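Just so you know, all these numbers are worked out from the coordinates, no wet-lab data involved. This is a predicted model, so every value here is computed, not measured. Ideal geometry is used to build each Cβ from the backbone, glycine not excepted, and the neighbour counts take in all protein chains shown.
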Amino acid sequence: MSILLLLAGAAAGLGGSKPAATQRSAATARALAQAKAAVVARAVTVHATRGKHVAPGLLPFPDRNRDGRYDGEGDCVTFGLAAAHLLGRLPWAGDGPPCPRQALGLRARDASGEQLWYAVSRNLVAGGGGGPVNSGMAGAAGAAHAWLVVRGFDGAVLRDPRSGAPLPVAAVIIAPGAAIGRQQRRGMAPAAEQYLDRIRIGGVTYDNADADGCADAVRAPCDARESGEEFIVHPGGAGARAFNDRVVYITVMELMRAVEKRVLGEVAVALNRYRSEQGVYPWLMSLGDPRSTDFKSDLSRRGLLPVHLPDEVFTTRFGAAWNLEDATPTSVTRHSGDAALVPTLEDVLRGRVRVTRVSGRCLWSEPSRAQCTGVDIDSDYFRADLGVPVKRTVEISFSLEDDAFQVTPPTPGDVRRRTLSMRGAGLAGTPASPDAAPWNVRVTDENAFDWGRRELRIDSDTAGALTLSGVRFDLSVVYDDLHDARDELPEWFAENDWHHYIYVALSADAAPGGDSDGDGDCQTPVDTCLRLRIAGEVARSDIRALAVSAGAALAGQNRARGECGGEGRSNGFRCAFMEGDNGDDSTPRSADTFARDGPGARFNDQIRVIAPLPP
């Protein structure tokens, strides 16, 4: 009887070990899943701290033992970034200084009680040199450095089931489990190899702790563009005594899809705020080659966001008028001939000289500061003192600031424009930049035989009035913390080229001047609404404005040439960036029809309805 009880107890003990192991495995899996969700959430919601901006999509640095301890803070690196800086414990407290801090809000441990470990791609840390952080990163050659590589327990690289390409991995999170083999975890801050494991597969030793930035079959140093840090994913069960790391990974695509939602939300907020302040939505830029550097509105209701990048020179027409005192004459020149053909000083100083609708070049260095140059030619100017018409050429170079600038909202035939004025003494007291050229007015009069020129310099003792009128002003992005509240799009949006990947559509009714009856309803008096299809069926037909985010290029999309042969048609850049209904502008109706679907091998767009919001 006692033998039977002993055998029964032993059997119960053996049977009980399996549920205990399962529970431990489940606890570790939960911790890893929670940590992954926290890292992605932190990347999506990252915000400005202490006046410094970081881009959504950037990930924290690992918590390393450089200071002799693991304190939960990511060890931010601002100079000399190396592969060894990209592996450590999960930084539950967020990055340490000087990087902006934003905590994960989670301090997870695996079933053995160990804190989780974490590795991140160099492409996605501040100062890592990975290039713009946007949805294009997930495509081939989309980032400056190789992505992390994850291998199965057979040594095979994990691949995207939709395309067959290796999975580009942004970060891995590792549960180290209990110490095995020769691992010793005593002391303040044991090194990574005391927690993370290595295993030999097919003649190659794969090491989760080496942090050398290279494929494990390649000796360091290696080409960071061709070889990425590798990690082994163990399924559990057999082999756990020799290798007990448990790994979850975050692919670049899943990270960017989450970030795209943040970007679309920012665009929706910006455009609705613009409409609230200006009374209308802005005109857009027709979708040509989104890689272009010229993002200026061309009075389109479908296309890319027209943005003014900081200190970017752009072409615009504008007017200028002035009435000056004590400007410094710098030169008077004339062709041999009639000396009277030199413009008079009074003409140049006073309001008798002005430019209208000049085609010039300007930049907005701040929301209230413009620097413009331009040339205006009047072939029929009449010189009263000569009694004959002459050709007058006016060349100007001005830079001025006006906190009380005037705004002209977009109209059915024009973009939004601004007018700036200065009055009083010391017009040029605030230079445009430390190396700015002096402000100048140069007027040249000429006839068929002779010419004369007078030039003035506007300096700090010049008084009077100066106005620049009608300078184009599309959506503003200003790299100046003092004016952040006045930016219409966040600085990271432009820094990371999101304006290359966001497509906006307005119904004809929502475009400037389109709301003929003023009711804000695109269904009356004529239905001009955008349509949204879900699973092939029209789900909404009342949309006035929406935005589409284009993911990484899919098979058949050639964004360099604007082709999409994989979809059986080639209708320019729209189908090279977007898929399905979103890429079809073959008819007016199809151009206003959009689709929402799950990600796959042939579709990875995301849609955000801007107006009207669902009831």
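Here are a few things to note about the model shown:
- Cα-based helix-to-principal-axis angle, 2-45 vs the chain, degrees rounded to 10: 10 degrees
- From the coordinates shown, Cα Rg over 2.2 N^0.38 Å corresponds to which of (i) 1.26; (ii) 1.32; (iii) 1.84: (i)
- Database remark: amide H of Thr251 closer than 5 angstrom to the amide H of Ala170 (H placed geometrically; neighbours at sequence offset of 5 or more, or on other chains; Pro and chain starts carry no H).
- Label-zone membership for the stretch 349-386, site Asp403, 7 angstrom Cα→C-beta point, backbone N under 20 Å: 364-371
- Anisotropy class of the stretch 258-351 from Cα gyration tensor, a/c 1.5 cut: prolate
- Taking label positions 7 Å along the Cα-Cβ direction at both Ile201 and Lys261, the computed distance is 3.2 nm, reported to one decimal.
- Rounded to the nearest 500, the helix-only mean residue ellipticity at 222 nm of the chain stands at -5000 deg cm²/dmol, with each DSSP H run of n ≥ 4 adding -39,500 (n - 2.57).
- Taking label positions 7 Å along the Cα-Cβ direction at both Arg273 and Arg423, the computed distance is 3.1 nm, reported to one decimal.
- For the stretch 101-112, the Karplus equation 6.51 cos²θ - 1.76 cosθ + 1.60, evaluated at θ = phi - 60°, returns couplings of 8, 8, 5, 6, x, 8, 10, 8, 10, 7, 5, 7 Hz by residue, with Gly and Pro reported as x.
- Label zone at Glu312, where the point sits 7 Å out along the Cα-to-Cβ direction: the stretch 491-528 residues whose backbone N lies under 14 Å: 491-502
- Simple spin-label estimate for Ser286 and Val388 in nanometres, 7 Å along Cα-Cβ: 4.5 nm
- Extension gain for Arg241-Ala178 works out to 21.7 nm (0.36 nm per residue, less the C-alpha to C-alpha distance).
- Couplings 3J(HN,Hα) of the stretch 599-607, computed from phi: x, x, 5, 10, 7, 8, 6, 10, 10 Hz, in residue order, whole Hz [Karplus 6.51 cos²θ - 1.76 cosθ + 1.60, θ = phi - 60°; x for Gly and Pro].
- Available extension along the chain between Arg589 and Ala27 is 197.1 nm, counting 0.36 nm per residue and deducting the alpha carbon span.
- For the stretch 26-257, the relative contact order is 20 percent, taking Cα pairs closer than 8 Å that sit 6 or more residues apart in sequence and dividing their mean separation by the residue count.
- Fully extended contour minus Cα-Cα distance, from Ser359 to Gln34, at 0.36 nm per residue: 111.3 nm
- Using the average count of surrounding beta-carbon atoms within 10 Å as a protection proxy, the listed peptides 372-382, 319-329 rank, highest first, as 319-329, 372-382.
- 3J(HN,Hα) from dihedral phi, the stretch 577-589, Karplus parametrisation 6.51/-1.76/1.60, rounded to Hz, x for glycine, proline: 10, 10, 10, x, 4, 5, x, 9, 10, 5, 9, x, 5
- Classified by the C-alpha gyration tensor, the stretch 307-473 has a prolate form. Its axis ratio a/c, with a ≥ b ≥ c, is 1.5 or above, and a/b is larger than b/c.
- Residues whose placed amide H lies under 5 Å from that of Arg417, excluding near-sequence neighbours: Thr408, Phe473
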